[in-house]
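The values are calculated or read from the model by the stated rules, or taken from the named source; none is laboratory data. Bear in mind the structure is a predicted one, so any value in this text is a computation, not a measurement. When we count neighbours, we look across all protein chains shown, and the Cβ atoms used for this are built from the backbone with ideal geometry, even at glycine.
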């Protein structure tokens, strides 16, 4: 429709039991032969990564569920698209995560509940492990 602006979709990052992203549980993953920290957030609605992750990942031809993400770097940041990351865990397991890439200089990558639900993952906090169903 001419003359009508498209509504902006804003996603809110819900960090679970952590006042800052730095306090979230972190796993070291191998990506493109580099060891990188990846944070696990059972309360984050989406998996999200800072724009630096684009050099490791593949852009997908899909529409992101939101246009902006609030709370990832302290302010609302533009979502640049959906990117796929391929990780190798310390147990030699392959993980593929589709994440929202945001226009932010933060080096963080958050694996959110979207990926955990899709994979049937359960978190064992006592053993510090993710368990796949």
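Residue count for the range 10-34 satisfying the condition of being farther than 22 Å from residue 90 by Cα, assigned to a loop (DSSP other than H, G, I, E, B) and at pLDDT 70 or above: 0.
Rundown of residues vs (1) touching a residue at least 60 places away in the same chain (Cβ under 8 Å); (2) loosely packed, with under 15 Cβ neighbours inside 10 Å; (3) touching a helix residue (DSSP H, G or I) at 6+ places or on another chain (Cβ under 6 Å), yes/no style:
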position	(1), (2), (3)
76	yes, no, no
82	no, no, no
90	yes, yes, no
95	yes, no, no
98	no, no, no
108	yes, no, yes
121	no, no, no
128	yes, yes, no
131	no, yes, no
